[in-house]
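The values are calculated or read from the model by the stated rules, or taken from the named source; none is laboratory data. Since this is a predicted model, take the numbers as computed values, not measurements. Using ideal geometry, Cβ is built from the backbone for each residue, glycine included, and neighbour counts are taken over all protein chains shown.
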Amino acid sequence: MEVNGITFSEIVDVYDNHGYDREVEVLGYDEAGNEYAAVGMESVGELVEIYDDTIELVSEVDIDEVWELEYLGDR
């Protein structure tokens, strides 16, 4: 599921179970590779909603570090 340019797909924790519906913590990534966490709802095994006000940046990709690793890999 994509929200605000972030693709969320990996459920890492379940907060509350309501029968077929579960409130979950999910991880997602943007195009730059930055990692985000958010709370959302899963229904019958499918992520159906992400709460916008819970989206938090977990780790940011360092562009210089990525370049250095790619450069060293070409040697």
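Annotations for the structure displayed:
- Taking every residue in segment 1-29 that is more than 20 Å from Ser59 (Cα to Cα) and pairing it with any residue that is not in a strand (DSSP E or B), at least 6 positions away or on another chain, the pairs with Cβ-Cβ distances below 9 Å are Tyr20/Val44; Tyr20/Gly45; Asp21/Val44.
- When segment 6-48 is filtered for residues that are among the small types (Gly, Ala, Ser) and surrounded by 10 or more Cβ atoms within 10 Å (Cβ to Cβ), the ones remaining, listed by number, are Ser9, Gly28, Ala32, Gly33, Ala37, Ala38, Gly40, Ser43.
- Qualifying residue in segment 59-75 (condition: in contact with a strand residue (DSSP E or B) (Cβ under 6 Å, 6 or more places away or on another chain), at pLDDT below 95 and exposed (fewer than 13 other Cβ atoms within 10 Å of the Cβ)): yes
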